[in-house]
Amino acid sequence: MVYFDNAASAPLFPEVISEMHDIMLRYHGNPSAIHSYGREARVIIEEARKTIAQLLQASPAEIVFTSGGTEANNWGIASCVKIYGVKHIITTQAEHPAVLKPISNICQSKEIQLSYLPLDNCGHFDLNYLDDLLQKSPKALVCLMHANNEVGTLLPLKNIAEICQKNKAYFFSDMVQTIGKYPFSFSNVKVGFASASAHKFHGPKGIGFLYINNDNPLDANILGGGQERERRAGTENIYGIVGMAKALVVAHQNMLQSITHITELKEYLKKALSSFDGVSFNGNCDKGGLYTILNVAFPNTVKTAMLVNNLDIAGIAVSGGSACASGSIKPSHVLKAINADTNKISIRFSFSCFNTKKEIDTLVETLNALL
Ligand SMILES: Cc1ncc(COP(=O)(O)O)c(C=O)c1O
């Protein structure tokens, strides 16, 4: 079996499993309880928060645990609009649905202007255009993901943050595909709010966090007990929190080797696929793209129409950029946003440190047999 769908969810690091197992055996107190069981559980949670904050050069109070990226996106965007009286939201049509849907919901129900930045074929936009737009837009919220989850476009977060700061705009970034993949410092890159999700960096599912810069506090997401400094009520997912912190530690320990190894795999596959008839690559055209994702456009033929399913039958898991519904090919919103050739059959291959060159060889042999 070959797994090339790591952008959807990555397998747990063994160290994460053993850490979570240990915590499950030893800590069963409610972290809000005042007895020793509770106090021990509280210490474990706060240590995990500190670990995450240190790795990302944030302060622990800026890290608020959530059920994952989707919740962090919904909360960060809605709360920023509400608290700061945002009048204009600026984003792109290539964002994840967990950003696009809350935004369209907010803009339907409130008198808020919504602008989508025009994207080029690689998924990039003109930074000067953003700057100009912001100069005319007081009380703006800019929502731009760090890396695109389908085509791997990597946006220049530091430049965008500087433009937002200069124009006094709020900046929210969905960093779900990059936290744990690159060294990152919230002290150097002035993002107001950012989301992360543990299962994308070999941690458990159902846990993530919202980074909330100390200068821009948000209101509570869930009301109830006083957990997470009254910002997100509910007994904490201690096992998930510990697993996420451990995953981030391991990811950072192995980061440079992983970047080198995965980049090699991606380039190796790209080279092999370049000799296939009519194959091209979506987005991610430049060297600066996210190293874990390669989005490949195959010519639309009888053989490629069911390629994701046929690869699955051959034991290779990948993700389709085009969904086949009632006989019609529906290109993804991201491919449309970057004006990709939507007549082609697009497939996302996404890699992790566990993948090998031999697996790429298996994939290429299988493609040769199928096409
Ligand atoms: C860019 C991006 N944002 C948000 C999410 C949602 O994260 P979660 O699965 O933790 O809710 C994903 C997951 O696919 C993603 O890739």
Report summary line: So the strands (runs of 3 or more DSSP E) completely within segment 53-163 holding 2 or more residues that are touching a His at 6+ places or on another chain (Cβ under 8 Å) and not small (Gly, Ala, Ser) are 113-116
Query raised in the report: So which residues in segment 201-215 are more than 16 Å from the ligand (Cβ to nearest atom) and surrounded by 15 or more Cβ atoms within 10 Å (Cβ to Cβ)?
Result: Ile212, Asn213
Report task. Output the helices (runs of 4 or more DSSP H) that fall wholly within segment 182-293 and possess 2 or more residues being farther than 16 Å from Pro60 by Cα, or say none. Result -> 238-253, 255-274
Report task. Being over 23 Å from Met175 (Cα atoms) and either surrounded by 14 or more Cβ atoms within 10 Å (Cβ to Cβ) or touching a Leu at 6+ places or on another chain (Cβ under 9 Å) (or both) is the filter; apply it to segment 226-263 and report the residue that is modelled with the lowest pLDDT. Result -> Glu230
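Conditions tested, residue by residue: (1) more than 19 Å from the chain's Cα centre (by Cα); (2) more than 28 Å from Ile347 (Cα to Cα).
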residue	(1), (2)
Glu162	yes, yes
Gly180	no, no
Gly192	no, yes
Ser195	no, no
Arg231	yes, yes
Query raised in the report: Looking at segment 30-66, which of the residues that are surrounded by fewer than 18 Cβ atoms within 10 Å (Cβ to Cβ) and in contact (Cβ under 8 Å) with a residue 24 or more places away in the chain is nearest to His146 (Cα to Cα)?
Result: Gln57
Query raised in the report: Considering only segment 177-200, how many residues are away from the ligand (no atom under 15 Å from the Cβ) and touching a helix residue (DSSP H, G or I) at 6+ places or on another chain (Cβ under 6 Å)?
Result: 2
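Out of Val99, Val142, I need the residue that is modelled with pLDDT of 95 or more and either in contact with a Ser or Thr (Cβ under 6 Å, 6 or more places away or on another chain) or within 11 Å of the ligand (Cβ to nearest atom) (or both). Which one?
The conditions single out Val99.
The values are calculated or read from the model by the stated rules, or taken from the named source; none is laboratory data. Predicted model, so just to flag it, every value in this text is computed and none were measured. Methodologically, a virtual Cβ is constructed for each residue, glycine included, from the backbone with ideal geometry; neighbour enumeration extends over all protein chains shown.
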